[in-house]
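We did not get these values from a lab; they are worked out from the coordinates using the rules stated. Remember, predicted model here, so these are calculated numbers, not experimental data. Cβ placement follows ideal geometry from the backbone for every residue including glycine, while neighbour counts extend to all protein chains displayed.
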Amino acid sequence: MTQRRTPSGQGPARRSGARTSVRSRALPGTRVADPSRSANRPAAARRAAAAGAAARTSAPAERRLTGRATVLVVVLVALALGYAYPVRVYLTQQSEIESMQAAQEAQRAHIRDLEATAAKWQDDEYVRIQARSRLFYVRPGEIPLVTLWDQPGADRDAGIVPGPKAPEPWYSTLWASVGAANE
């Protein structure tokens, strides 16, 4: 019985035992022609007779994004988007907690300073020093001496004549003349 060819020009379907171990001996990236298939084709038979079993090199297959990889990418993007907001909220809360703890520590330091000041006021000698400096109190028999800082008065008493005044700026003179013209 003759074998029937398909319209596409391909030979009969492959048989299960037709392959040999020739393919297992091929180098990576090469393809060895199947001798049983080549024998049915006249041009292939001539090539096989001329060069023996020639190894064909094949270009690496195109890397395409498979369906599984697409689903994996979509799932990873969904997870990233799903976790982005809670992580942002968590980090915001952590920064607020740290700032509140710093504020509490500052308040504790202020309280310690106030307690130290209150403890000083319990000392009678500290109270006397504060009464002298703030209220100008003196003990009986002491002569109070208060110094006042009056630089112009001190200059007059020393006989220092102040220098002439600096001339007024031009815009002050202009404004004064405008005011005088309106009267």
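Details
- Enumeration of residues in the range 101-142 that are of a type in the set (Ser, Thr, Tyr) and in contact with a helix residue (DSSP H, G or I) (Cβ under 8 Å, 6 or more places away or on another chain): 126, 137
- The set of residues from the range 78-110 being more than 22 Å from the chain's Cα centre (by Cα) and of a type in the set (D, E, K, R) comprises 105, 108.
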